[in-house]
Structures are given as C-alpha cells and as structure tokens.
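Here the structure comes first, spelled out in structure tokens, and everything after it is commentary.
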Amino acid sequence: MHLKTRGTLEMTAAMLISGTVGWFVLAADQPAAAVVFWRCLFGALALLLACAGLGLLRRGRISWRQALAAAVGGVALVLNWVLLFSAYGHASIAVSTVVYHTQPFMLVGLGMLLFAEKMTANKAGWLLAAFAGMLLIVMAGSSADAVAGDYRLGVLMALGAAFFYAIAAVITKRLHGVAPQLIVLIQMLVGVGLLAPFAQVPGLTRAPATWAWLATIGIVHTGLMSTLLYSAIQKIPTSLVGALSFIYPVVAILVDWLALGHPLGVLQLAGSGLILLAAAGMTFGWTLRITTAARPIAGKASSHRGR
C-alpha cells in the first residue's frame, strides 16, 4: 500500500475514533475527573507497551528539561479533557465538540502573546466569523429544550478546554526530536498522579459495563488513536492532516444525533457551520476577499445610458 494512502486511512480512523469519545464518556456515567483518571491510567498502560516495543524507554531518548516540559503540557492536557468531558453533560456532545474546535484561534492568540506573531486582517476576519458562530450557539441556549445557564456553562467549559489544548499543543511543538508516543506517555502518567484523588471505582451493580466503557476510552480513544494519529502525521502532508481533522466534529455531531437523539437546532447548525468554516479558513490559509467585480460593469452601464 502506498505510504500516503496508508497515512490517510490511519488519520481517518483516528478521527472516526475521536468523534465517538463523547458517547463513551456519557455511557460510563462517571464524574469527568474520574473518567479522565481512568483514561490516563489505561492510556498509560497501552502507551507503555507501545514505547517498550519501539525501544523508546532507553536512556537518552529525552532530557530532564524536555520531560519537565512534557509534564507541564500534561497538566494542560488533563485540564483540557476534564473541561471537555464536563461540557458534554451541559451543552451536548455536538455543541461542545464544535466549540472545542476554536483551538486554531486560541493558538493564534498564544502566538501573539508568546512569540510576538502578528494578527493579520485575514486572521481577524476568520476570528470574527468564529465569534459570530459562537454568538449563534450561545443564543440557542435560550431555546425551550435547554436551561440557558447550564447550556452556557457547557459552552464556556468547551472554550476552556480549547484553551488548555492550545497550551499543550504549543508546549509539544517545542519538544523537537522527542518521540510523540513518549510525550503522551509522560502526559498520561502526569494525569494519573494529578487525578488519583478523584478516582472512583464503579459500583458493583454496573461495574462490568462501566469498566468496559472506561477501558475503551483509555485503550482505544487514547492509546490506539494516538498511535494512528502520530503515524499518519509522519506519512501525509500537513494540509491533508488539517483537512481530515474535520472528520472529528462531523462524526461527533452524527453520533450525538443518531445514537443519543440530540439533533442540532437551526441556530446551532448555523453557528457550528460558521465556526468550522472559520477554523478551516485558518487551517488552510484561505483568503477573505470582498469582490468588486460588479463596479466596472455598473460604470459601463452608466456610460452607456449617458450616450
């Protein structure tokens, strides 16, 4: 199989898996912090085996300074998951996932603050489009089937999750030359340590089913998904990675609708469309232009009438 084809299939599989995580989180029926703890524990076990198999546990693979940076990124990643999983119970999986995809704009903001990057007119235009989408989604919280305060809390949690994900991404980007599997393993171990006080053992009456959901989140949605994602990133162009990443929110919206019976309303659909369009525009560097093609035609028409 061609390398690019294999990478495309791996990226697609990773995004399909990611799009179902909200369903598994809600099915586990555990507090968000507890779910993230078990995700980190099962994910750490899976990645420990992967790193051992790849020979990444030998000395010299990572410096103490890099390990510390990865650990700080792990704190941000854990906060990101706790907030996102909490948002699912307030603003639905679909809305939370779409709002979570404001990450590109969080990265732009951090780039301006930390690396003195400039805000171009084009970036500002996409940011305004995403903000308009956010307003439409927040306005939808006043509908009859949603408690406005609770819904808006979910939106704010998803925004917070996007912010902490952006911090984790910035830190990870600085870890040049370190195997991504090793970075994630360190982050998972940090999560286990941070959330151990919040860990809950599922009750005996529904333990087998709950353990199955939690183990799947850790092994499949963390270990397997991360392996597929990192493998794909090494094989396909960045532009294709960006394009295929939009499978994630689309799958999440479909899962929320078909599996959980939560279709998006008109305002939510419009807002989601604007956010995803703006995120795509930022990702691929699309240029916003206001066409003036009609002006010369109008001028010619006026001249013709004056003759």
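The values are calculated or read from the model by the stated rules, or taken from the named source; none is laboratory data. Keep in mind the model is a prediction, meaning the values are calculated, not measured. Please note: Cβ atoms are built from the backbone with ideal geometry, for glycine as well, and neighbour counts cover all protein chains shown.
General observations
- Being of a type in the set (Phe, Trp, Tyr) and buried (at least 19 other Cβ atoms within 10 Å of the Cβ) is a property that Trp64 lacks.
- Just one of (1) in contact (Cβ under 8 Å) with a residue 60 or more places away in the chain; (2) exposed (fewer than 15 other Cβ atoms within 10 Å of the Cβ); (3) touching a Phe, Trp or Tyr at 6+ places or on another chain (Cβ under 7 Å) fails for Ser239. It is (1).
- Filter pass, Ala130 being assigned to a helix (DSSP H, G or I), over 27 Å from Leu277 (Cβ atoms) and not hydroxyl-bearing (Ser, Thr, Tyr): no
Each row is one residue, and each column tells you yes or no for (1) in contact with a His (Cβ under 7 Å, 6 or more places away or on another chain); (2) under 21 Å from Gly19 (Cβ atoms); (3) polar (S, T, N, Q).
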position	(1), (2), (3)
Leu49	no, no, no
Ile62	no, no, no
Arg65	no, no, no
Ala69	no, no, no
Leu77	no, yes, no
Leu84	no, yes, no
Ser96	no, yes, yes
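- Any hit, segment 279-287, residues being within 30 Å of Tyr151 (Cα to Cα), crowded, with 16+ Cβ neighbours inside 10 Å, modelled with pLDDT under 90 and not small (Gly, Ala, Ser): yes
- Contact map, segment 117-136: first residue within 14 Å of Leu159 (Cα to Cα), second residue part of a helix (DSSP H, G or I) and at pLDDT 90 or above, Cβ cut-off under 6 Å, separation 6 or more or different chains; pairs are Ala130/Ile275; Ala130/Ala278; Gly133/Gly271; Gly133/Leu274; Gly133/Ile275.
- Taken together, the criteria place Ala140 among residues that are in a helix (DSSP H, G or I), farther than 25 Å from Leu49 by Cα, of a type in the set (A, V, I, L, M) and at pLDDT below 85.
- Where Ala70 falls short, out of the listed (1) farther than 30 Å from Met139 by Cα; (2) surrounded by fewer than 24 Cβ atoms within 10 Å (Cβ to Cβ); (3) not acidic (Asp, Glu): (2)
- Qualifying residue in segment 111-119 (condition: under 20 Å from Ala278 (Cβ atoms), part of a loop (DSSP other than H, G, I, E, B), of a type in the set (A, V, I, L, M, F, W, C) and out of contact with any His (no Cβ under 6 Å at 6 or more places or on another chain)): yes
- Restricting segment 172-184 to residues that are closer than 15 Å to Arg59 by Cα and in contact (Cβ under 8 Å) with a residue 12 or more places away in the chain, the residue that is surrounded by the fewest Cβ atoms within 10 Å (Cβ to Cβ): Ala179
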